[in-house]
Amino acid sequence: VQLQASGGGLVQAGGSLRLSCAASSSAVNVMAWYRQAPGKQRELVASIRSRGSTNYADSVKGRFTISRDNAKNTVYLQMNSLKVEDTAVYYCYAENAYNYIYWGQGTLVTVSS
């Protein structure tokens, strides 16, 4: 499975961005977004299962929304009320029914003050 992420960029604090990640196959169960800020470990931002259940990091709850279009094998991350501390490289993640993990290339999100 290949993952193609897009949508990163530069935005001012308080602004919004939407990330997209298209999978080359429908054979994925969990899709998620992770992020890694400079000097920090990669962390889970949000995840969504094929049936729609979601999970969010506490730091983004109420600001970010993860969704997926199973017909398009695509996961989205709507990011609102962005903060400077949201600046990071965001990575798309997918996991199949056998717990095999796939990573997409990162997309940089920069939030300026």
> Looking at (1) touching a residue at least 40 places away in the same chain (Cβ under 8 Å); (2) open to solvent by 60 Å² or more (accessible area, probe 1.4 Å); (3) hydroxyl-bearing (Ser, Thr, Tyr), which is the only condition residue 87 fails?
Replying inline: (2)
> Any idea which residue in region 51-84 is farthest from residue 5 (Cα to Cα), counting only those that are at pLDDT below 95 and open to solvent by 50 Å² or more (accessible area, probe 1.4 Å)?
Replying inline: 51
> If you check every pair at least six apart or on different chains, which have Cβ atoms under 6 Å apart with a residue in region 60-80 that is farther than 18 Å from residue 102 by Cα and in contact (Cβ under 8 Å) with a residue 60 or more places away in the chain first and a residue that is open to solvent by less than 50 Å² (accessible area, probe 1.4 Å) and in a strand (DSSP E or B) second?
Replying inline: 79/17; 79/64
>> Restricting to region 101-113, and then to whatever is of a type outside the set (Gly, Ala, Ser) and modelled with pLDDT of 95 or more, can you tell me which residue is most open to solvent (accessible area, probe 1.4 Å)?
In response: 103
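Can you pull out every residue in region 54-98 that is of a type in the set (Asp, Glu) and either outside any loop (DSSP other than H, G, I, E, B) or more than 17 Å from residue 42 (Cα to Cα) (or both)? It would help to see each step written out before you state the result.
Narrowing region 54-98 to residues of a type in the set (Asp, Glu): 58, 69, 85-86, 95.
Selection gives 69, 85, 86, 95.
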>> Looking only at strands (runs of 3 or more DSSP E) that lie completely in region 2-49, which have at least 2 residues being surrounded by 15 or more Cβ atoms within 10 Å (Cβ to Cβ) and free of Cβ contacts under 8 Å to residues at least 40 places away in the same chain?
In response: 43-48
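The values are calculated or read from the model by the stated rules, or taken from the named source; none is laboratory data. In this text the structure is predicted, and so the values were computed from the model without any measurement. Counting neighbours? That spans all protein chains shown, and the Cβs are built from the backbone with ideal geometry, glycine included. Each accessible area value is taken on the protein alone, full model and side chains, heavy atoms only, with ligands, DNA and RNA left out. Shrake-Rupley method; radii C 1.70, N 1.55, O 1.52, S 1.80 Å.
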